[in-house]
Amino acid sequence: MAERTKYILDEADMPARWYNVVPDLPEPPPPPLHPGTREPIGPDDLAPLFPQALIAQEVTTERYVDIPEEVLDVYRLWRPSPLFRARRLEKALGTPARIYYKYEGVSPVGSHKPNTAVPQAFYNAAEGVTRLTTETGAGQWGSALAFACATFGLECEVWQVRASYDQKPYRKLMMETFGATVHPSPSELTASGRVILAADPASTGSLGIAISEAVEQAAQAENTRYALGSVLNHVLLHQTIIGEEALKQFELAGDTPDVLVGCTGGGSNFGGLAFPFLREKLAGRMDPVIRAVEPAACPTLTRGKYAYDFGDTAGLTPLLKMHTLGHDFIPDPIHAGGLRYHGMSPLISHIYELGLIEALAIGQEDCFAAGVQFARTEGIIPAPEPTHALAACIQEALRCKETGEDKVILTALCGHAHLDLPAYGAYLAGNISDHELPEEALAQSLAGLP
Ligand SMILES: *Cc1c(COP(=O)(O)O)cnc(C)c1O
């Protein structure tokens, strides 16, 4: 086999459909429930927040959804994204395993998030919506949506968690450069924000509060809708372009993965890579082990409860059946901001319950060590989130070294760290510690489940 390190698809070979895993599962996932009636919600319940096209995708049972030409056009700014063989990392580890990574850091904002931000902006614009609201923590999602809104001429208004707004100015500047308006959350602009500020004028905010502010605005204002960057079925659907491309790239490589690893915050980059491979596995065409990796400080799949819970802290959203740590759970301030979410995608949760995927949790010290080793061998500094996947990938490669197995490992490298370098600075200065979640803290937040 030729000694290639990079597998690039021609634009003409870019997949033109997203893949919906639901019809291929042995049973469908439990539906979202209305928080008042506890009955399954209908399209009308979601209409104040999302355009009809996205509501339809949320519940579709079609196996494939065509990607609109206008969306493909924007995707072509950076897609197809490259698949790399990590030959230098393999050599440094001395492993017989073959390691591949699918790199999403080539997008305009440096992560996989535009894969769904772009279609979400497109469908809203097509239905006459003129403004989108959203929340953002560290700023990855906010910058992706700001870029997408600029592309389709929509206004974009972002509530950014106060603590990040103050500490991480670069993401805010990126959002503003794309034309978005960014508010620190809690803000005086919404009833939810005013309630919090009245009680605590110095509140540093939370993702839960920011969601409440963005949702409240979208529900009240004319021609305004809300956009969510992970968790929901339509978001994972859009991200499957990652796995569909990777399948074609493995054909070019003449290889087949035995182990697939990805990090899970709300589950979108992991599902996006894994679902097309899960389709192949369920059809008996390959048999990879599929493994989700989460932070030990926020161990939703490995230690959370599979139960109906709210998606936000204030309890404004429908009830979702998912692995959850409880909607008032506040994770420790680990550096992987994108993985600090109390819940998990209902689809990933369901697939985990069916036993089709595995999960493990890793502490952030091991993750940063993996991130640094990856940077020094492969030349890409991974975002703090995918260092979780890399740590698991390195574990597997070292097991292969012991057993002499030449397994093929595929990992999702969903973003780079160019705007997260202070996290590496803290690691290099020896200021990173592990936050194991105490059993009592978990029991307390689970006691608050609806
Ligand atoms: C948002 C984000 C995540 C976490 O979200 P998922 O939906 O689990 O993918 C992980 N990595 C990066 C780089 C992110 O921006």
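Using only side-chain charges placed at the Cβ, +1 for Lys and Arg and -1 for Asp and Glu, the dipole size of the chain relative to its Cα centre rounds to 900 debye. Annotation for residue 198 and residue 60: the two label points, set 7 Å from Cα along the Cα-Cβ direction, are 4.4 nm apart. Rounded to the nearest angstrom and listed largest first, the equivalent-ellipsoid semi-axes of the range 1-45 from its Cα gyration tensor are 42, 14, 10.
By DSSP, the beta bridges lying fully in the range 62-194 are antiparallel in about 20 percent of cases.
For the range 255-410, how big is Rg over Rh, using alpha carbon atoms and the Kirkwood form of Rh?
0.99
I'd like the chymotrypsin sites (Phe, Trp or Tyr not before Pro) in the range 241-288 restricted to DSSP loop residues with at most 15 other Cβ atoms within 10 Å, sorted by number. Sparse-neighbourhood loop chymotrypsin sites (Phe, Trp or Tyr not before Pro): none present.
Per-residue 3J(HN,Hα) values for the range 297-309, derived from phi via the Karplus relation 6.51 cos²θ - 1.76 cosθ + 1.60 with θ = phi - 60°, read 7, 9, x, 4, 6, 7, 10, x, 9, 8, 7, 6, 8 Hz in sequence order (x marks Gly and Pro).
As a rough footprinting exposure proxy, the listed residues 420, 255 were ranked by other beta carbons within 10 Å of their own, and the order from fewest upward is 255, 420. Result for the chain in a Gaussian network model with C-alpha springs under 10 Å: among 322, 344, 286, the largest mean-square fluctuation is at 286. Among DSSP beta bridges lying fully in the range 240-393, give the percent that are antiparallel, nearest 5. Once the DSSP bridges in the range 240-393 are tallied, antiparallel ones form about 40 percent. Restricting the trypsin sites (Lys or Arg not before Pro) of the range 70-112 to loop positions (DSSP other than H, G, I, E, B) with no more than 12 neighbouring Cβ atoms within 10 Å leaves 76. Using a Gaussian network model of the chain in which every pair of alpha carbons under 10 angstrom is joined by a spring, one finds that among 418, 234, 388 the greatest mean-square fluctuation is at 418. Secondary-structure-derived ellipticity at 222 nm for the chain, considering helices only, amounts to -12000 deg cm²/dmol, per-run term -39500 (n - 2.57) for DSSP H runs with n ≥ 4.
Think of each Lys and Arg Cβ as +1 and each Asp and Glu Cβ as -1; about the Cα centre, that makes the dipole of the range 328-419 roughly 220 debye. Put in order of Cβ neighbour count within 10 Å, fewest first, the listed residues 3, 405 become 3, 405. Its alpha carbons considered, the range 280-353 gives a radius of gyration followed by a Dmax of 14.0, 45 Å. Positive contributions from Lys and Arg (+1) and negative ones from Asp and Glu (-1), summed over other residues with Cβ under 14 Å from the Cβ of residue 386, come out at -3.
Counted over the chain, the DSSP beta bridges are approximately 35% antiparallel.
Within the chain, 263, 298, 367, 393, 400, 414 have no other Cys Cβ under 4.7 Å of their Cβ and so lack a disulfide-compatible partner by this rule. The share of Cα pairs per 10 Å bin across the chain, counted from zero up to the longest distance, runs 4, 22, 34, 27, 10, 2, 0 percent.
Length gained on full extension, residue 73 to residue 52: 5.4 nm, using 0.36 nm per residue less the C-alpha separation. Of the residues 83, 182, 95, the one whose Cα sits farthest towards the positive end of the charge dipole of the range 50-184 is 95 (charges of +1 on Lys and Arg Cβ, -1 on Asp and Glu Cβ, taken about the Cα centre). Overall, the range 176-303 carries a charge dipole of about 300 debye about its Cα centre when +1 sits on the Cβ of Lys and Arg and -1 on the Cβ of Asp and Glu, all other atoms neutral. Per the Cα gyration tensor, the range 155-297 maps to an equivalent ellipsoid with semi-axes of 39, 16, 14 Å, ordered largest to smallest. Beyond 19 Å, the tail of the calculated P(r) for the range 10-97 holds 64 percent of the Cα pairs.
Taken over the chain, lysine pairs spaced eight or more positions apart, or on distinct chains, with alpha carbons under 20 Å apart number 17. Computed over the alpha-carbon pairs of the range 174-221, the distance histogram in 10 Å steps reads 27, 50, 22, 1 percent, short to long.
Sparse packing (at most 16 other Cβ atoms within 10 Å of the Cβ) combined with a DSSP loop state is found for the following trypsin sites (Lys or Arg not before Pro) in the range 267-303: 285.
Of interest is the spacing of the C-alpha centroids, which for the range 314-377 and the range 28-99 amounts to 17 Å. Could you identify which residue out of 400, 298, 149 has the top mean-square fluctuation in a GNM of the chain using Cα springs shorter than 10 Å? So, out of 400, 298, 149, the one fluctuating most is 400. Taken over the range 62-146, the convex hull of the Cα atoms encloses 146 Å³ per residue. P(r) tail for the range 376-422: Cα pairs beyond 14 Å make up 56% of the total.
Rule-based calculations on the coordinates, nothing more; no lab input. None of the values given here were measured: they were computed from a predicted structure. Methodologically, a virtual Cβ is constructed for each residue, glycine included, from the backbone with ideal geometry; neighbour enumeration extends over all protein chains shown.
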